[in-house]
Amino acid sequence: MASKAKAIDAAQGAAGPMDASYDGDVVAWSVKQARLLRAGRFDLLDIEHIADEIEDVGKSEARDLASRMAVLLAHWLKWKCQPTHRSRSWENTIREQRLQVLRRLARTPSLRPELEKADFVKDVWSDALMIAAREMGMDIVSFPPANAWPFANVLREGWAPDSDAGRKTDVSGCLGV
């Protein structure tokens with residue numbers, strides 16, 4: 001019995017303040033939970049909140065993917081709609097966002113199906129339109145209401161909206177043609 005008490009004391013000491021609550025201080029709580037896990041003190045874990053946090057990790061990954069796709073699409077919209085304003089900065093942003101999206105998909109392949117989900121595509125396109133409209137000083141209704149380019153094309157090295165594949169889609173609303 002003494003060794004069990006000693007183990008609890010060690011786990012509590014390793015966990016830090018035992019009153020570190022999820023709602024009170026999530027950082028202290030997470031440190032405490034990690035230490036309890038490593039000490040094998042599963043009986044002291046806050047299972048419900050741990051499960052919530054694990055689910056949130058997946059949601060965070062999906063949000064990051066959506067954010068990067070929106071920035072990438074916004075820059076392609078700018079590229080297509082304002083050809084006289086093209087810059088090395090836009091090229092670098094396009095290259096960087098494409099690279100980061102592809103890395104995210106390689107490291108987390110379970111995210112790939114998100115690219116095909118209608119809600120994901122709609123939300124990402126909507127975000128891209130807001131970014132592009134704000135940065136170009138244009139009204140959002142100047143842009144196509146639905147995604148103009150398949151994500152597979154957007155992510156392919158060497159693809160651009162004014163390439164052969166890009167000419168087949170209509171983004172003429174922002175071009176004034």
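The values are calculated or read from the model by the stated rules, or taken from the named source; none is laboratory data. Bear in mind that the values here come from a model prediction, so they are computed numbers and not experimental data. Heads up, the Cβs are rebuilt from the backbone with ideal geometry, glycines too, and the neighbour counts pull from every protein chain shown.
Some points to look at:
- Odd one out for residue 65 among (1) farther than 29 Å from residue 121 by Cβ; (2) at pLDDT 95 or above: (1)
This table checks each residue for (1) modelled with pLDDT of 95 or more; (2) more than 18 Å from residue 64 (Cβ to Cβ); (3) not in a loop (DSSP other than H, G, I, E, B).
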{"site": "110", "(1), (2), (3)": "yes, no, yes"}
{"site": "132", "(1), (2), (3)": "yes, yes, yes"}
{"site": "141", "(1), (2), (3)": "no, yes, yes"}
{"site": "144", "(1), (2), (3)": "no, yes, no"}
{"site": "158", "(1), (2), (3)": "no, yes, no"}
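- Restricting region 31-69 to residues that are polar (S, T, N, Q) and either out of contact with any Leu (no Cβ under 8 Å at 6 or more places or on another chain) or outside any helix (DSSP H, G or I) (or both), the residue that is surrounded by the most Cβ atoms within 10 Å (Cβ to Cβ): 67
- Which listed residue, of 88, 103, 98, is over 16 Å from residue 149 (Cα atoms) and either under 15 Å from the mean Cα position of the chain (by Cα) or not assigned by TED's automatic domain parsing to the domain that holds residue 157 (or both): 103
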